[in-house]
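Input: a single structure, listed below in structure tokens.
Throughout, read-outs are computed from the coordinates displayed, never taken from laboratory work. Given the structure is predicted, the values throughout are model-derived calculations rather than measurements. Cβ placement follows ideal geometry from the backbone for every residue including glycine, while neighbour counts extend to all protein chains displayed.
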Amino acid sequence: MNTVLFIAYLIVTLWAFGSIVLHGSRPTKSLSWLLTIVALPFGGPVLYYLFGVNRRKFRFFRLRQTEKRKLYDETYKNISTNEEEAKIATENHSKLARLIKSNTYFSPYSGNEITVLDNGLETFDAIFKAVENAKKFIHLQYYIFEQGELTDKFYELFKKKIAEGVEIRLIYDSVGSFAFRGKIMKRFRSIGVKAYPMMPLRFGSLLFTLNYRNHRKLLVIDGTTGFIGGINVTDKYISKENPLGIWKDIHIKVEGPAVDSIHRVFIKDYHFASKEELLINNKYLPKNEIKGESTIQIVTSGPDSKQPAVMQQYVAMINSAKKTISIANPYFIPGTTVLQAIKIAALSGVKINILVPKKSDSLMAKYSMFSRFEELLAIGVNIILRDDFSHSKLLIIDNEIASVGSGNFDYRSFEHNFEANALIYDPKVIKYICTEFDTYCTDNECLDYERFKNRSIVTKFIEGLAKFFSPLL
């Protein structure tokens with residue numbers, strides 16, 4: 001028996017080593033996996049198979065559904081939109097817009113009205129009012145859609161709107177919304193909601209899809225009103241009855257031509273999840289009237305993307321900074337490329353403020369995040385710890401452009417998740433966001449470099465361990 005186990009161990013270990021050496025995308029991540037395999041006999045190769053295999057080169061990217069996504073992208077380039085592309089004034093911003101368009105096929109559009117929603121209460125109040133006013137359809141997509149007060153409210157509103165003849169389509173992530181299944185999902189379907197999971201956890205495909213999650217948070221009503229940001233459908237945003245208190249986050253409501261882009265993100269994912277016909281027609285993609293003065297561009301990225309668009313968006317924005325960079329993120333675990341961009345900006349004289357929560361819903365993520373702070377503090381980066389739990393994903397450059405959405409500063413958002421951000425080119429809207437950001441920076445603790453570097457050896461050791469596993473998060 002011992003001989004059989006040893007041979008089995010040798011086979012799986014050699015397979016894992018060979019796969020890492022042949023297909024590893026980054027030396028640091030490859031090294032982490034190699035050490036994991038050595039440290040955890042059998043367990044290490046299993047973890048690598050589930051979460052580490054570069055499936056861009058393996059079966060996940062040959063699945064019929066994924067080929068459909070790629071075909072959709074190729075087709076989308078030739079599908080005309082009803083909206084007129086905006087002209088970006090400055091060269092730096094124009095380069096950024098071209099980068100995003102090359103990666104995602106989404107152009108910047110002007111004539112939008114943006115409403116900034118600072119927290120869950122404001123967001124869901126605006127969403128429920130918009131749902132009440134729906135005339136034709138309601139399309140929503142969330143990473144987390146879980147049972148609670150908010151879900152019950154959606155159910156009652158959906159029941160009423162379906163009776164009025166409004167079409168409702170819902171897609172949710174199979175892992176993030178794991179509790180939204182069985183009786184709960186059937187309850188929604190029983191009233192006429194077309195609800196589908198993204199990459200369902202099924203035998204036969206589980207090992208090829210488990211590590212790739214749809215992290216987007218979108219809602220589109222009648223093709224004229226859209227919501228995008230970082231807020232999920234969970235009572236954590238409205239109830240104090242959880243260990244971290246009420247979660248804080250930023251979301252935006254969009255009215256105008258850019259809703260077309262938000263809706264096309266949903267349409268692609270819905271087609272992928274439901275296998276139903278594409279919704280690309282005038283009923284679902286109407287010509288939008290000019291509603292305001294804001295220019296917005298939608299940024300999407302996922303494991304089926306040819307380029308890591310969200311990571312490239314962040315790096316390009318950071319590289320374009322002349323005066324200030326403001327970052328708010330609950331999982332600030334940047335890889336080498338992003339970290340070096342931040343360091344170059346700081347050493348070039350750009351003022352950088354990074355706002356992160358003092359508390360976290362993941363100890364591994366918290367310690368991994370804190371492991372990077374000393375080297376950033378040493379070169380003058382300001383790191384501010386919020387007392388509450390902020391789930392916001394925000395990047396502001398020179399108080400001129402800002403990104404709001406679902407993309408975190410971590411490997412998962414850059415490589416594994418389907419994400420969606422809104423890039424805002426409107427100084428007036430950004431001024432409001434900056435005022436809120438600066439208030440949090442003033443009211444909360446700014447880390448002191450001398451005191452932080454003298455934290456206990458035990459804390460540094462835990463951070464080092466967490467940092468070691470950060471490429472696997």
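Overview of results
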item: Mean Cα-pair separation over length for the stretch 309-472, i.e. relative contact order, pairs under 8 Å, 6 or more apart, %; result: 28 percent
item: Mean Cβ count within 10 Å, highest first, over the residues of peptides 157-169, 281-293; result: 157-169, 281-293
item: Geometric extent, Cα atoms of the stretch 87-230 - Rg, Dmax (angstrom); result: 17.6, 54
item: Within-10-Å neighbourhood charge of Tyr172 [Cβ basis; K, R +1; D, E -1]; result: -1
item: Cβ-defined net charge surrounding Leu285, 13 Å radius [Lys, Arg +1; Asp, Glu -1]; result: +2
item: Principal semi-axes in Å for the stretch 217-295 [√(5λ), Cα gyration tensor, largest first]; result: 28, 18, 8
item: Cβ-defined net charge surrounding Ser348, 14 Å radius [Lys, Arg +1; Asp, Glu -1]; result: +3
item: Links that overshoot a 31 Å alpha carbon limit, given the list Lys268/Lys351; Lys393/Lys428; Lys160/Lys431; Lys135/Lys306; Lys95/Lys393; result: Lys268/Lys351; Lys160/Lys431; Lys135/Lys306
item: D_trans [Stokes-Einstein, Kirkwood Rh over alpha-carbon pairs] for the stretch 160-317, 10 °C, 1.306 mPa s, µm² s⁻¹; result: 89 µm²/s
item: Lys/Arg +1, Asp/Glu -1 at C-beta; the stretch 309-472 dipole; positive extreme among Asn382, Met317, Ile397; result: Asn382
item: Radius of gyration and Dmax over the Cα atoms of the stretch 309-472, both given in Å; result: 14.9, 46
item: Ratio Rg/Rh [Cα only; Rh per Kirkwood] for the stretch 264-354; result: 1.10
